[in-house]
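Structure first, commentary second.
The values are calculated or read from the model by the stated rules, or taken from the named source; none is laboratory data. These figures come from a predicted structure and were not determined experimentally. FYI the Cβ positions are ideal-geometry reconstructions off the backbone, even for glycines, and counts take in every protein chain you see. For accessibility, only protein heavy atoms count, side chains too; no ligands or nucleic acids. Shrake-Rupley method; radii C 1.70, N 1.55, O 1.52, S 1.80 Å.
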Amino acid sequence: MGLVSLLLRLVALFSVLSVGSGIGANWGTQATHPLNPEIVVKLLRDNGIQKVKLFDADYDTLRALGKSGIEVMVGIPNDMLAPLAAKMKNAEEWVSKNVSKHITTDNVNIRYVAVGNEPFLQTYNGTFLSTTLPALQNIQSALIKAGLSSQVKVTVPMNADVYESANSLPSGGDFRQDIHEYMLPIVKLLSDTGSPFTVNIYPFISLYIDSNFPAEYAFFDGNASPVNDGGTYYYNMLDANLDTLVHTLQKNGFGNMPIIIGEIGWPTDGDRNANMEYARRFNQGFMSRIAGGKGTPLRPGPIDAYLFSLIDEDAKSIDPGNFERHWGIFTYDGQPKYLLNLGTTNSGRLLPARGIQYQENKWCVMRPNARLDDPSVAASVSYACSLADCTKLGYGTSCGTLDGKGNISYAFNSYFQINNQLDEACKFPNLSMIVKTNPSQGTCRFDVMIQPYYGGADGRLPKQLGLVAAFALFLLTFL
């Protein structure tokens, strides 16, 4: 064995021992009214969350993380892979602007660069197959040129669908046949540089797409019938899934590669299985494992993971399902959704965000004298929901028990609040009115939005004005 090869193997072995365990959180910002980043950083620190995973490199977000000591995984969106793969200069400029500058000027503790986000997801139909590896190579080279490659590691967060099992057991694990040739050079680069394999695992999704999936197998209570894999017993899906990856890496010669769970969690709304109790049960069960340093049968040591997610995002795509906007352990305004002990606070519970300022207590609802059979109702509700957030409506959701007028009022109010309570946003023809009495019912919360945050390069004001302008055109159809 050559000296260089030996050194690379020692680097990889050291990295599997040195990747830190503990809990982090995914901080997404696809929201109409995102919290001020400085408030979010205080929220992270108040709750003892010492690691955060980002999906981009937003300037204000990274600057707010400066001097916090919080470990940061900064993200590169998939739509940036092509230009980063095309030219080394693009990668160097990206690293200089989004990594080097924040480390040296703002003292941000950047530890990882996530190159893409689930780029080999089957639903992408191969869009990013040819650009992920060269983008990864160029970013790694740029980090080396910047003198940061020992401090900042690259990784590629993958969905768990990149591997499969020939026998439906962990021991049969291997990379999907259609992407096998693409995965191996990526994994080799990660191994050679002492970087981790990052995987996103979602037991909820299995329950969502398969009504016959044994629900108890998604949780950690030990109530499910175990799966016997040659004498190794698996009592929950996480262990089985993660060890399928371990077998996959072993089978391809990378048995010592460190693994990070990039995303894991449970949503609280938008589906009958997405509710507060299931989310609390899953996340608390997972956190108890983290606190106890318990891993899987093949990787019994502590797990390095990032909860998905920190805060609800009401502007996320709902193509996967309405639940996509409700993964947060905190509501959009930074309030804890349920009792969850991360093991990091004296109170044993989540602490709320501080310094939140709300808009006026007023709501847009359906007029009492308006009729459900008014011909403009369907178009008005469809318009409001297409530009706002109606994912809490429907069977098994938190607002699933509303009557017809309640559903319409919810849609109108969502549009009204997203547009910062502008009077023009509550002028559905002969149908709507503004009230000062909270119309919330039972578990269905009619939100009042927080004061808009206009920081960052893509300030929110133009978007809201654009929505109102579009609403004016919509109203013309009824004149």
Contour minus end-to-end for residue 341 and residue 373, with contour as 0.36 nm per residue of separation and end-to-end as the Cα-Cα distance?
6.7 nm
Accessible area of segment 152-286 divided out per residue, in Å², using a probe of 1.4 angstrom:
36
By the scheme Lys and Arg +1, Asp and Glu -1, what is the net charge of all other residues having a beta-carbon under 14 Å from that of residue 372?
0
Based on the Cβ-Cβ distance of residue 358 and residue 386, what FRET efficiency does E = 1/(1 + (r/R0)^6) give at R0 = 30 Å, to the nearest 0.05?
0.75
Relative contact order of segment 250-368: what whole-number percent is it, with Cα pairs under 8 angstrom and at least 6 residues apart?
23
For residue 24, residues with placed amide H under 5 Å, excluding near neighbours
305, 306, 307
Identify the trypsin sites (Lys or Arg not before Pro) of segment 214-298 meeting these criteria: DSSP loop state and at most 14 other C-beta atoms within 10 Å of the C-beta.
272, 294
Nearest 5 percent is fine: what portion of the DSSP beta bridges confined to the chain is antiparallel?
35
Please list the equivalent ellipsoid semi-axes of segment 238-301, computed as the square roots of five times the alpha-carbon gyration tensor eigenvalues, in descending order and whole angstrom.
28, 14, 8
What number do you get for segment 328-388 when its Cα radius of gyration is normalised by 2.2 N^0.38 Å, N = residues?
1.83
With the full set of protein chains in place, find how many percent of the accessible area of the chain is carbon and sulfur; take the probe as 1.4 Å.
52
In nm, the gap between the two label points placed 7 Å beyond Cα toward Cβ at residue 130 and residue 107 is 4.7
Scan around residue 432 for amide H atoms under 5 Å from its own, H built in the peptide plane at 1.01 Å from N, and keep only partners 5 or more places away or cross-chain.
367
Heavy atoms of the protein only, probe of 1.4 Å, neighbouring chains included. What is the accessible area of residue 46 in Å², nearest 10?
50
Any idea what diffusion coefficient the chain gets from Stokes-Einstein, in µm²/s, Kirkwood Rh on alpha carbon pairs, 25 °C, 0.890 mPa s?
103
Note the per residue figure in Å³ for the convex hull of the C-alpha positions in segment 206-317.
136
Amide H to amide H, which residues 5 or more places from residue 163 or on other chains are under 5 Å from it, using H placed in the peptide plane?
176
Convex hull around the C-alpha positions of segment 191-272: the volume in Å³ per residue is 121
q = 0.20 Å⁻¹: log10 I(q)/I(0) that the Debye formula gives for segment 37-167, counting C-alpha atoms only
-1.10
How long are the semi-axes of the equivalent ellipsoid of segment 387-446, taking √(5λ) for every eigenvalue λ of the Cα gyration tensor, in whole Å from largest down?
20, 12, 11
Chain lengthening between residue 225 and residue 45 when straightened (0.36 nm per residue, less Cα-Cα)
60.9 nm
Can you compute the equivalent ellipsoid semi-axes for segment 267-409, i.e. the square root of 5 times each eigenvalue of the Cα gyration tensor, sorted largest first and rounded to whole Å?
37, 18, 12
Figure the gain on full extension for residue 178 and residue 141 (residue separation times 0.36 nm, minus the Cα-Cα span) and round it to one decimal in nm.
10.5 nm
Where segment 68-120 is the region considered: accessible area per residue in Å², 1.4 Å probe
38
With a Förster radius of 22 Å, plug the Cβ-Cβ distance of residue 210 and residue 30 into 1/(1 + (r/R0)^6) and report the FRET value to the nearest 0.05.
0.25
If R₀ is 41 angstrom, what is the calculated FRET efficiency for the pair residue 288 and residue 164, using the beta carbon separation as r and rounding to 0.05?
0.90
³J(HN,Hα) across segment 214-227 via Karplus (A = 6.51, B = -1.76, C = 1.60, θ = phi - 60°), whole Hz, x for Gly/Pro?
x, 4, 5, 6, 7, 9, 10, 7, x, 8, 7, 5, x, 9
From largest accessible area down, sort 433, 183, 276; use a 1.4 Å probe on the protein chains.
276, 433, 183
